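Single-structure report; data block below.
The values are calculated or read from the model by the stated rules, or taken from the named source; none is laboratory data. These numbers come from a predicted model, not from an experiment. When we count neighbours, we look across all protein chains shown, and the Cβ atoms used for this are built from the backbone with ideal geometry, even at glycine.
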There are 2 protein chains.
Amino acid sequence: MREAYPVLERFAYLNAGTFGPLAKATAEAMRDQLAVDEAEGRQGKQYFERMLALREDVRGKLAAVAGAAPELVALTSSTTEGCNIVLAGLRLEHDDEVVTSDEEHFGLIGALIASGARLRIGRPDELPGLVGPRTRLVALSHVSWVTGNRLPVEAFEGVPVLVDGAQAAGAIPVDATAFDYYTISAQKWLCGPDATGALVVREPDSLAIAAPSYFSQEAYDLSEGTFEPKAGAARFDTGWIPTASLAGLSAALDVHPADCYERAASATSRCRELLAERVELVTRPDQATLISFRHDDPPGLVERLAERDVIVRDIPKTDLVRVSCGYWTNDADLERLAAAP
Amino acid sequence: MREAYPVLERFAYLNAGTFGPLAKATAEAMRDQLAVDEAEGRQGKQYFERMLALREDVRGKLAAVAGAAPELVALTSSTTEGCNIVLAGLRLEHDDEVVTSDEEHFGLIGALIASGARLRIGRPDELPGLVGPRTRLVALSHVSWVTGNRLPVEAFEGVPVLVDGAQAAGAIPVDATAFDYYTISAQKWLCGPDATGALVVREPDSLAIAAPSYFSQEAYDLSEGTFEPKAGAARFDTGWIPTASLAGLSAALDVHPADCYERAASATSRCRELLAERVELVTRPDQATLISFRHDDPPGLVERLAERDVIVRDIPKTDLVRVSCGYWTNDADLERLAAAP
């Protein structure tokens with residue numbers, strides 16, 4: 001299984017929370033497409049039909065990851081874009097409120113600020129208490145990119161919920177249909193090419209299309225000032241995805257074994273045990289696949305580890321170092337981490 | 001010069017209005033980056049610094065293409081995205097009016113419809129007469145993707161103008177600073193990788209950031225519900241661009257010769273002469289680098305030409321076939337086109 005990922009030959013690669021490792025099959029699919037693009041041009045009926053078929057192929061595979069029907073999945077380039085689609089589409093007003101946590105990534109925060117709505121911010125455990133009559137949305141991560149802890153995504157009833165699934169989809173089992181909106185970053189735990197992702201929308205008809213792309217429309221009538229949206233969430237597709245990226249993502253999604261979540265959980269558990277003896281963890285037991293711990297010089301430690309080809313990251317403006325464990329992580333990787341100077 | 005583009009060995013490639021040919025140097029830069037991504041991972045300080053440096057590198061080169069300062073250039077993935085940035089950022093109301101032409105692409109039309117503003121639509125020559133006291137924006141192509149004719153982009157005073165430069169930037173000399181907003185599609189005439197482009201914004205401070213990305217902010221304060229935008233148009237940067245795409249675009253922009261516009265104009269002229277003897281042209285003389293002509297079966301002709309490796313396209317819902325001439329187009333390409341059955 002590790003042989004699928006060339007980067008693991010040399011590196012203790014523990015940073016899938018930023019970018020997953022690229023499988024040989026993924027890079028190969030991208031190279032093959034690039035060779036076609038170069039020698040035959042990005043042209044022709046077959047070329048565009050193949051591109052469209054690949055879009056539906058990856059839509060189906062991402063839907064399976066999220067436990068949702070493909071009709072509820074929009075193809076995006078990032079979680080940031082997914083959050084912007086939702087917040088812009090809701091067309092909030094200044095006296096609308098959005099409840100969110102103090103552990104969110106700018107990918108969500110930016111969209112919240114741009115919405116113009118009033119933000120009610122709290123620690124994850126405080127969020128259910130912040131919901132009130134003016135709450136138009138609860139927006140929070142499934143798994144915190146800072147602490148690695150799960151947030152109480154299922155604690156809300158009667159109010160729309162947007163879940164930032166960047167650190168969850170591909171890392172832990174996900175049922176996106178339990179939420180109104182769920183974002184997927186495919187370049188992280190799903191090991192896809194850069195700038196790939198998805199947004200699951202439970203009721204596509206109920207959200208305005210704030211930033212249409214060519215893929216959003218079935219037909220349009222300029223003189224009427226209208227367009228007929230595609231059926232389902234495809235209306236939120238955000239634009240052209242390079243054919244090589246689609247081919248690479250399709251290949252990437254085929255690499256993951258059926259027991260990927262169990263294996264990833266078990267690697268994370270081992271990582272936790274090893275680190276708990278040495279450092280103060282902020283990640284509670286049995287969360288997802290991130291482990292964050294305190295350190296007096298996070299960037300320094302990250303750099304010293306990088307010199308030994310052990311790849312982790314620090315979380316800016318905190319005293320935290322974050323370790324990402326995947327199903328591909330083995331004991332040797334973790335021992336190299338634990339042996340840090 | 002033609003040797004730079006492998007696709008020209010076999011094809012009379014006359015479709016840069018959709019996708020430009022990919023230079024060997026462009027594909028090579030992408031392959032090299034992909035090899036790094038695969039073997040060493042998308043990680044490390046140097047990796048991110050290189051990515052950021054490449055962003056500024058391509059920003060500078062795209063700025064040069066548009067005759068603008070780099071500070072006025074946002075990196076986007078498409079003209080569609082550029083149009084959405086502008087229309088969403090203007091926050092138009094239902095009684096605001098936008099003047100636009102009846103020859104626009106959905107990349108612009110979608111954003112116009114989503115804005116909710118009232119659309120005043122006319123033939124290109126009618127547009128100056130449609131501007132009135134409620135006009136908040138004139139939005140039109142520099143060069144029509146349908147007819148290949150130039151639109152009267154310089155005929156407007158005292159009203160903001162958004163120019164869709166998809167069929168102009170890289171094809172003809174452009175001074176984007178003559179307009180409030182100017183979109184660039186880098187994958188067409190600039191021969192860049194898929195999903196690359198830019199938006200030139202003359203007064204970045206005066207447009208709201210409707211869909212922020214991580215690259216939009218210099219700093220943020222969630223509890224205040226604010227973020228400090230990057231200086232200049234970089235605040236409109238729309239998100240992560242794959243490092244391979246940045247490297248490829250940088251290489252692509254280095255390939256174009258200094259006399260590319262003269263050469264492209266001359267190839268287009270020759271194309272026009274050859275076709276004028278055989279078909280009815282809708283493109284006037286001395287426009288840009290597209291030539292459109294009437295045909296009783298456009299898709300059929302496109303297919304028959306494709307069988308002979310001559311690549312052109314039809315324009316849906318019209319009786320038009322469109323030919324794209326670049327500085328790389330030679331007489332042999334045009335003769336293969338003119339010899340069509």
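Looking at B:Ala231 and the list (1) more than 23 Å from B:Ala66 (Cα to Cα); (2) surrounded by fewer than 19 Cβ atoms within 10 Å (Cβ to Cβ); (3) among the hydrophobic types (A, V, I, L, M, F, W, C), which single condition is not satisfied?
All conditions pass for B:Ala231, except number (1).
Would you point out the residue of region B:174-207, among those that are in contact (Cβ under 8 Å) with a residue 12 or more places away in the chain and of a type in the set (Asp, Glu), that is surrounded by the most Cβ atoms within 10 Å (Cβ to Cβ)?
Only one residue fits best here, namely B:Asp194.
Of the residues B:Asp96, B:Asp102, B:Asp125, which single one is more than 12 Å from every other protein chain (Cβ to nearest Cβ) and under 24 Å from the mean Cα position of the chain (by Cα)?
B:Asp125
Run B:Val7 past the list (1) at the interface with chain A (Cβ under 9 Å from one of its Cβ atoms); (2) within 18 Å of B:Asp194 (Cα to Cα); (3) touching a residue at least 60 places away in the same chain (Cβ under 8 Å) and report the number of the one that doesn't hold.
Every listed condition holds for B:Val7 apart from (3).
Scan region B:216-237 and tell me whether some residue there is in contact with an Asp or Glu (Cβ under 7 Å, 6 or more places away or on another chain), part of a helix (DSSP H, G or I) and free of Cβ contacts under 8 Å to residues at least 60 places away in the same chain.
yes
Within region B:6-45, track down each residue that is within 25 Å of the chain's Cα centre (by Cα) and among the polar types (S, T, N, Q).
Result: B:Asn15, B:Thr18, B:Thr26, B:Gln33.
Of all residues in region A:313-327, count the ones that are in contact with a strand residue (DSSP E or B) (Cβ under 8 Å, 6 or more places away or on another chain) and closer than 13 Å to A:Phe11 by Cβ.
Residues that pass the stated criteria total 1.
If a residue must be farther than 13 Å from A:Arg59 by Cα, among the hydrophobic types (A, V, I, L, M, F, W, C) and in contact with a helix residue (DSSP H, G or I) (Cβ under 7 Å, 6 or more places away or on another chain), how many such residues does region A:173-194 contain?
So the answer is 4.
Taking B:Gly165 as the residue in question, decide whether it is buried (at least 19 other Cβ atoms within 10 Å of the Cβ) and either of a type outside the set (Phe, Trp, Tyr) or within 12 Å of another protein chain (Cβ to nearest Cβ) (or both).
So B:Gly165 fits the description; yes.
Output the number of the condition that A:Asp254 fails; it satisfies all remaining conditions of (1) at pLDDT below 95; (2) under 25 Å from A:Glu28 (Cα atoms).
(1)
If we scan region A:40-57, do we find a residue that is in contact with a Pro (Cβ under 8 Å, 6 or more places away or on another chain), more than 11 Å from every other protein chain (Cβ to nearest Cβ) and surrounded by fewer than 24 Cβ atoms within 10 Å (Cβ to Cβ)?
Yes, the conditions are met somewhere in region A:40-57.
Could you please let me know if A:Ala234 is closer than 30 Å to B:Gly192 by Cα, touching a strand residue (DSSP E or B) at 6+ places or on another chain (Cβ under 7 Å) and among the aliphatic types (A, V, I, L, M)?
yes
Against the condition closer than 24 Å to B:Ala166 by Cβ and among the basic types (Lys, Arg), how does B:Lys230 come out, does it pass?
no
Going through region A:216-239 one residue at a time, which ones are within 27 Å of B:Ile241 (Cα to Cα) and within 10 Å of chain B (Cβ to nearest Cβ)?
Hits for region A:216-239 are A:Ser216, A:Gln217, A:Thr238, A:Gly239.
For the structure I just gave you, tell me whether B:Gly20 is under 22 Å from B:Leu75 (Cβ atoms) and either more than 8 Å from every other protein chain (Cβ to nearest Cβ) or crowded, with 20+ Cβ neighbours inside 10 Å (or both).
So B:Gly20 fits the description; yes.
Residue check: is B:Ala117 outside the structural domain of B:Arg272 (by TED's automatic domain parsing), buried (at least 23 other Cβ atoms within 10 Å of the Cβ), modelled with pLDDT of 95 or more and in contact with a helix residue (DSSP H, G or I) (Cβ under 7 Å, 6 or more places away or on another chain)?
Criteria not met by B:Ala117.
Quickly run through region A:191-215 and pick out the residues that are away from every other protein chain (no Cβ under 11 Å) and not in a loop (DSSP other than H, G, I, E, B).
Listed by number, the residues that qualify are A:Ala198, A:Leu199, A:Val200, A:Val201, A:Pro204, A:Asp205, A:Ser206.
State all residues of region A:23-33 that are surrounded by 24 or more Cβ atoms within 10 Å (Cβ to Cβ) and at the interface with chain B (Cβ under 7 Å from one of its Cβ atoms); if no residue qualifies, say none.
A:Met30
For region B:303-312, check the following and say yes or no: at least one residue is touching a Gly at 6+ places or on another chain (Cβ under 7 Å), surrounded by fewer than 19 Cβ atoms within 10 Å (Cβ to Cβ) and at pLDDT 95 or above.
Checked region B:303-312: at least one residue is touching a Gly at 6+ places or on another chain (Cβ under 7 Å), surrounded by fewer than 19 Cβ atoms within 10 Å (Cβ to Cβ) and at pLDDT 95 or above.
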